[in-house]
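Asker: Just dropping this structure here.
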Amino acid sequence: MRDMFKSSKKFMPTYLLIAINIAVYVYTSIIGGNFMETDYYVLLQYGQSNSFVMSGGYWQLFTAMFVHVGLVHLLGNMFFLLIFGLRAEDMFTIQEYLLIYLLSGLTGNLLTLLFGPDMLSAGASGAIFGMFGAVTIFVRRAVGQSILSALMYSFFLLMINIGPNVNNLAHFGGLIIGLLIGYMLATKRKITITYRYNYSYYK
């Protein structure tokens with residue numbers, strides 16, 4: 001019974017989230033009539049339109065995490081989710097894993113709502129940046145190493161992803177939350193290292 005709380009590996013949340021994101025993309029492609037790019041009016045309905053959210057459509061803060069603007073956008077995000085998600089499965093329980101993913105994504109969307117212009121955005125990158133931040137800082141903090149390298153590496157990745165038509169606020173918000181959660185989890189968790197010795201007997 002204790003093993004199920006050691007990591008989320010047995011629940012395979014990374015593959016589940018990838019499947020959900022793909023299923024949502026297939027759905028939006030069908031209703032929009034375009035498989036390569038998501039229809040603009042579909043994005044208005046399921047993505048995050050700041051003006052609509054401010055008018056009461058708060059559910060878009062959640063749905064926007066699973067909607068992508070095109071096939072290339074989807075494939076890129078799922079590739080990095082696979083990399084960082086599988087690593088996170090070894091470190092976090094299923095509850096911690098989902099907390100990092102969902103809270104990072106929601107924080108990125110809230111930051112976009114509060115400080116972004118009246119924009120239309122969508123994608124899982126805020127949640128994925130959070131997963132990356134949590135994994136990176138957890139590894140170093142858990143073994144007693146300096147977290148400075150983790151912070152530098154995290155913000156380097158953030159900087160190289162800055163560009164036109166990129167929701168930098170979502171990336172930044174997700175990364176910050178991931179770093180904070182990963183740091184707190186590593187601080188409170190006791191890491192036990194077991195040494196094994198092999199003895200050889202000669203006659």
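Read the figures in this text as sums done on the coordinates, not as results from a lab. Please read these numbers as outputs of a predicted model, since none were measured by experiment. Every residue, glycine as well, gets a Cβ built from its backbone with ideal geometry; the counts of neighbours run over all protein chains shown.
Asker: Return LYS9, LYS188 ranked ascending by Cβ neighbour count within 10 Å, so the fewest neighbours appear first.
Answerer: Values: LYS9 18, LYS188 7.
Going from sparsest to densest Cβ surroundings: LYS188, LYS9.
Asker: While we're on this one: Return MET65, MET54, MET91 ranked ascending by Cβ neighbour count within 10 Å, so the fewest neighbours appear first.
Answerer: Working: MET65 30, MET54 11, MET91 22.
By the 10 Å Cβ count, ascending, the order reads MET54, MET91, MET65.
Asker: Turning to a different aspect of this structure: Pop out the Kirkwood hydrodynamic radius of the chain from its pairwise C-alpha distances, inverse of mean 1/r, in Å to one decimal. Intermediate values should be presented prior to the final figure.
Answerer: Numbers: mean 1/r = 0.0558 Å⁻¹.
For the chain, inverting the mean 1/r across all distinct Cα pairs yields 17.9 Å.
Asker: Could you point to the residue in VAL139, PHE11, LEU158 farthest towards the positive end of segment 7-188's charge dipole, with +1 and -1 charges on the Cβ of Lys/Arg and Asp/Glu respectively?
Answerer: Checked the options; the winner is VAL139.
Asker: Looking at the chain as a GNM with Cα springs under 10 Å, which of ARG141, ARG189, ARG87 has the largest mean-square fluctuation?
Answerer: In this elastic network of the chain, the residue with the biggest mean-square fluctuation among ARG141, ARG189, ARG87 is ARG189.
Asker: Please report, in Å, the Rg and the Dmax of segment 1-103, where both are computed over Cα atoms only.
Answerer: 15.6, 48
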